[in-house]
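Reviewing the structure listed below.
The values are calculated or read from the model by the stated rules, or taken from the named source; none is laboratory data. Values in this document were obtained by computation on a predicted structure and should not be read as measured data. Every residue, glycine as well, gets a Cβ built from its backbone with ideal geometry; the counts of neighbours run over all protein chains shown.
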Amino acid sequence: MEMENVLRPLIVVGGAVVLTLLIGWVTDLLLRKADSRHSETPLWGLLRRGRVPYQLVLCTALLRGSYDQAELIREHRIAVGQVLTLVLIGSAAWLVVRIAAAVVDSTYDRYARVHHDAARVRRVRTQVSLIMRVVTAIVGVVAVAAMLLTFPAMRAAGASLLASAGVLGIVAGVAAQSTLANMFAGLQIAFGDMVRLGDTVVVDGEWGTVEEITLTFLTVRTWDERRITMPVSYFTSKPFENWSRGTPQMTGIVYWHLDHSAPLEPMREKLRDILRECPAWDGRDYGLVVTDSTPNTIQVRALVTAKDADDVWKVRVTVREQMITWLGAEHPYALPRVNTADAVLPPGGIIPSQDGSAGRRLHDPPRTGRD
């Protein structure tokens, strides 16, 4: 009898563990074979990420179903059964999230390989990311609710909770007004195509790339590797620059302040030569014109084009640096300078008087009141 009391729990628990490992190994083997046969889709390989929650569900379900036959810790049978039920619900929710993530990622990967429009791919990627967050939140809430309903006290209190749901909903809505606004703004961004993952944006004077979008906040990675976290409601309530909206092609501007004697035609030829040697230039267009003039300098503007925001930055800095170097070496007189020579006198060398009287020559002594 004592031997039976020892062997029964070992057989039940050990059998559940061994059977779980065996089924898990067979399932993983089948997924690997399916992944090797269907290399065009990553679904089967992605499903292997769920083998841990899958085995946990199997083991917990087997233990929950055979625990009564094990006759182990009889005085705490109800408590152990309750714990196994909670673990089963949690692991099942985990498995559902992993399966949903595998299906969504596989669909996105197939879409990205078929469509070559980067803007559309980023849009779908943004929507997929937010959809997965919504699915995870829904599955988590349902799992927690299912866990709570396993307790008899919670079922008994359900009526009172439903009766006060209206008042609690109003209070929660007022208290979480900003949070709800951010959540709806996140959904609006995802399906309104306002901003997408990978877009180049300018917000509050900061230039960067959208790195992460959630239901409540958005992260922008700046050019110097800083991260700016902003509420998503900012992008639905305030204007911002999206350099990736529509076509990613861009036109860049380079300014120089030069002397009036700057050689414009040679500068246009040098700009053409610089762009031909610059791999970031897309070859669409370029130009160089004088846009402003002051008593001391002229403002020269060059227009260059590139396929995206990153390349247009490379073209701008390359053109600016090489043009300044070339002017300093070949045409130093074109660089701005401070004139220290004597002014050129009008004909006759007479300097006009401020009060309208007769002027004086340059080398005459200044007049006084007694003259």
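Within the range 330-342, identify whether any single residue is at pLDDT below 60, surrounded by 14 or more Cβ atoms within 10 Å (Cβ to Cβ) and over 23 Å from residue 250 (Cβ atoms), and answer yes or no.
No.
So which residues in the range 238-286 are touching a helix residue (DSSP H, G or I) at 6+ places or on another chain (Cβ under 8 Å) and polar (S, T, N, Q), if there are any at all?
Selection gives 244, 247, 251, 261.
Quick one: count up the residues across the range 250-302 that are surrounded by 13 or more Cβ atoms within 10 Å (Cβ to Cβ), at pLDDT 90 or above, charged (D, E, K, R) and assigned to a strand (DSSP E or B).
Matching residues across the range 250-302 total 1.
For the range 240-249, which positions are surrounded by 14 or more Cβ atoms within 10 Å (Cβ to Cβ) and among the polar types (S, T, N, Q)?
If the condition is that a residue be surrounded by 14 or more Cβ atoms within 10 Å (Cβ to Cβ) and among the polar types (S, T, N, Q), then 242, 244, 249 are the ones that fit.
Give the number of residues within the range 315-325 that are surrounded by 17 or more Cβ atoms within 10 Å (Cβ to Cβ) and either more than 23 Å from residue 264 (Cβ to Cβ) or hydrophobic (A, V, I, L, M, F, W, C) (or both).
Adding up the residues that qualify gives 3.
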